[in-house]
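Enquirer: Pasting in a structure now, in structure tokens, and then I'll have a few things to ask.
The values are calculated or read from the model by the stated rules, or taken from the named source; none is laboratory data. Given the structure is predicted, the values throughout are model-derived calculations rather than measurements. With ideal geometry, Cβ positions are generated from the backbone for all residues, glycine too; neighbour counts draw on all protein chains shown.
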Amino acid sequence: MHKINLHKTALLALAIAGTALTSGCGVSNLANRTRPDEFAVQRQAPLVVPPDFALVPPQPGAPRPGGRTGQQEALAAMFGGPAPRSAVERSALSQAGTPESGIRSTVADPKTNTVDKGGVTRDIIAAPQGDGREAQTRAN
């Protein structure tokens with residue numbers, strides 16, 4: 001007798017759960033509400049034929065009319081093109097001369113002689129990369 005009541009209780013709970021789940025599928029005011037038409041939100045401008053009919057299609061392999069490559073355009077878009085240099089910067093660059101082509105690999109060579117600029121410069125160069133949020137100062 002105890003098993004029959006448990007079986008009936010389980011069936012009754014299953015029926016109530018099924019009724020509750022399927023009641024959301026019924027017709028209600030929320031499901032049948034009118035939604036805005038996304039195309040009617042903004043007014044469509046009429047199509048206009050351009051006044052210049054002398055356009056010529058580009059020739060394959062011909063340079064672009066702007067004169068710049070895609071890489072140059074991307075660099076200009078990201079960095080804004082070359083910045084004007086100050087008089088001090090131009091002077092420093094002219095005194096520095098032209099760098100050797102393999103300068104980066106020579107600097108990392110252990111046989112390269114360097115000048116000791118002191119502990120402060122060494123600390124600056126050895127500082128970890130980052131935006132400086134973790135930087136600390138200390139009194140000497």
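Enquirer: Just to check your reading of the model, which residue among Ala62, Ala74, Ala87, Ala96 is surrounded by fewer than 10 Cβ atoms within 10 Å (Cβ to Cβ), farther than 29 Å from Ile125 by Cα and of a type in the set (A, V, I, L, M)?
Expert: None of the other options fit; the residue is Ala62.
Enquirer: Can I ask one more? Being of a type outside the set (Phe, Trp, Tyr) and touching a Leu at 6+ places or on another chain (Cβ under 9 Å) is true for just one of Arg104, Arg68, Arg85. Which residue is that?
Expert: Only one candidate passes the filter, namely Arg85.
Enquirer: Inspect all residues belonging to segment 87-101 and state whether any of them is assigned to a loop (DSSP other than H, G, I, E, B), modelled with pLDDT under 80, within 34 Å of the chain's Cα centre (by Cα) and of a type in the set (S, T, N, Q).
Expert: no
Enquirer: Quick one: in segment 102-125, which of the residues that are in a loop (DSSP other than H, G, I, E, B) and of a type in the set (S, T, N, Q) is surrounded by the most Cβ atoms within 10 Å (Cβ to Cβ)?
Expert: The extreme case among them is Thr112.
Enquirer: Need the failing condition index for Val27 against (1) assigned to a loop (DSSP other than H, G, I, E, B); (2) modelled with pLDDT of 80 or more, just the number.
Expert: For Val27, the exception is condition (2).
Enquirer: Return yes when Pro128 is in a loop (DSSP other than H, G, I, E, B), loosely packed, with under 10 Cβ neighbours inside 10 Å and at pLDDT below 80 and no when it is not.
Expert: Judged against the criteria, Pro128 is a match.
Each row is one residue, and each column tells you yes or no for (1) in a helix (DSSP H, G or I); (2) in contact with a helix residue (DSSP H, G or I) (Cβ under 8 Å, 6 or more places away or on another chain); (3) at pLDDT below 80.
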site	(1), (2), (3)
Leu12	yes, no, no
Ala20	yes, no, yes
Pro36	no, no, yes
Gln44	no, no, yes
Gly67	no, no, yes
Ala74	yes, no, no
Arg85	no, yes, no
